[in-house]
Amino acid sequence: MGQHARLSPSGFKAHALCPGKYHFTKHNPSTTNVYAEQGTTAHELLEGWLKGTTSWETKLEFTGSNGTTIDADNIVHVRESYQYVADLMSTMNRSKLYCEMKVDPGYQWEGESVSSGTSDIVIIDPDNETLHVLDYKNGKGISVDVVESYQLMLYGLGVYRWVVANRPDVKITKLKLYILQPRGHHPDGEHRSWEISLLDIMRWDVKFKAVVEKSMGTGGELIAGEEQCRWCSGNATCPAIATKSLVAARASFKPITSNTCEDVKGNVLIEPEELTDEQLRAVMDSSVFIVGWLNAVKAYIEDRFEHKKPLEGYKMVHGRSGRKWIDSDDTVMKTKVLDIINLPHKHIETKKLKTPPQFEKTVKPLVTKEQWIELEKLIKKYPGKATLVQESDKRKAINLTAKETFKKIEQKTAAPDMSFLD
């Protein structure tokens, strides 16, 4: 994964909603999380199937080049999106499919391209004078709308300009944009589309150019809002978010007259029944910002600890530890478990083998002490996620300087039959 453009298609709408975002966050380091890494792995699997370079028999788990693994359930959903694309292609005669296509809508600042990106799937359909632009989303928490999607329209503009430059024989009059989100729930379905004429998307092109000029210039204003602030790296220190949170906080907190933590805990919060309807609305309207801002402040402090700049009175400790089986293969673990205990399958599995914590609750009472000791040898423990607590917490402080590394696992590949796409 290369470095994103300064106003990349995936984050372009946030810059449109908050023109000051670029200059406020441009020096912040990029961040990631396990869900983003799993999304990257899912994209890699979908690309491999579409190109015919990854085994169609991949069913139990798949590990991407980033070292992150997705499970069988996630693989099933990726397969659904693959089938959707395959079915779409089967309705066309002379179409051409591209995966992970580098596109540039054409916006520049000081001679540098600022909004280029990579479109997951592009289909050029000359018979119907149509460009199909599809974007896969692996998330299941937030359903993404396809109608007037800035990201997809920017990809579409980039693809159109590529076609003009490289395929003068192809005439394009419309674009069809798609969101493939098989793990999400949306009123329009997991796979949804929206069509826009070439004339209309050129009207959007003018608006997008204005966003670039406003964001890259020096007069952009910071404007807090749920959509633009959701993934912003500047949340912890953004004055616009702090101001919006403070408006709601003033409605729900009494004036603070003490620096003592215990006094604040007992006397500051106003009881909900004491709030007026206007104050209740203010709190609820800004609840996302209050919680998001507090979480961002906490993440900022945790980052300081990692960079040897601790906050006095606080420390980092391990959270609750977890347990999992020593082998991720369900069949292998069932065999190992049944070598130790002889219980009906209903006691050790539901749809799949129960987890170690479930075993402790339901299986441990049914086996001998010696058998449980042997079962524990099949379980590995891992420390809980590092978390920020007050210095008075009894847990031992930890050192956060060590970075976890991931071992890359090569995939054995055999191409599925893609002849129907030729």
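The values are calculated or read from the model by the stated rules, or taken from the named source; none is laboratory data. Just so we're clear, the structure is a prediction, and the values are computed from it rather than from any experiment. Neighbour counts run over all protein chains shown; Cβ positions are idealised from the backbone, glycine included.
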Only one of F62, F24 that is in contact with a Gly (Cβ under 6 Å, 6 or more places away or on another chain) and either of a type in the set (F, W, Y) or in a loop (DSSP other than H, G, I, E, B) (or both): F24
Residue, nearest to the chain's Cα centre (by Cα), within the range 185-197, restricted to residues that are surrounded by fewer than 18 Cβ atoms within 10 Å (Cβ to Cβ) and either among the acidic types (D, E) or at pLDDT 95 or above (or both): D188
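How about the range 81-122: which of its residues are part of a loop (DSSP other than H, G, I, E, B), acidic (D, E) and over 26 Å from the mean Cα position of the chain (by Cα)?
E110
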P168, sole failed condition from (1) within 24 Å of the chain's Cα centre (by Cα); (2) more than 22 Å from S90 (Cβ to Cβ): (1)
Per-region count, the range 136-153, residues buried (at least 17 other Cβ atoms within 10 Å of the Cβ), more than 15 Å from the chain's Cα centre (by Cα) and part of a loop (DSSP other than H, G, I, E, B): 2
Filtered residues of the range 264-280 (kept if closer than 19 Å to K244 by Cα, under 36 Å from the mean Cα position of the chain (by Cα) and either outside the structural domain of K244 (by TED's automatic domain parsing) or at pLDDT 70 or above (or both)): D277, E278, Q279, L280
R94, sole failed condition from (1) in contact with a helix residue (DSSP H, G or I) (Cβ under 6 Å, 6 or more places away or on another chain); (2) free of Cβ contacts under 8 Å to residues at least 40 places away in the same chain; (3) buried (at least 16 other Cβ atoms within 10 Å of the Cβ): (3)
Answer residue from the range 311-359, given it is charged (D, E, K, R) and part of a helix (DSSP H, G or I) and is nearest to E61 (Cα to Cα) among those: D330
Among the candidates K315, K377, residue that is surrounded by 14 or more Cβ atoms within 10 Å (Cβ to Cβ) and of a type in the set (K, R): K315
Qualifying positions in the range 65-90 - of a type outside the set (A, V, I, L, M, F, W, C) and either in contact with a Gly (Cβ under 9 Å, 6 or more places away or on another chain) or over 14 Å from H191 (Cβ atoms) (or both): S65, N66, G67, T68, T69, D71, D73, N74, S90
Leading residue by the ranking (farthest from E190 (Cα to Cα)) among those in the range 121-160 that are touching a strand residue (DSSP E or B) at 6+ places or on another chain (Cβ under 8 Å) and either among the charged types (D, E, K, R) or not assigned by TED's automatic domain parsing to the domain that holds W194 (or both): E129
Count of residues meeting criterion [farther than 25 Å from G64 by Cβ and of a type in the set (V, I, T)] in the range 114-143: 3
Qualifying residue in the range 315-327 (condition: at pLDDT 80 or above, under 24 Å from the mean Cα position of the chain (by Cα) and more than 20 Å from T69 (Cβ to Cβ)): no
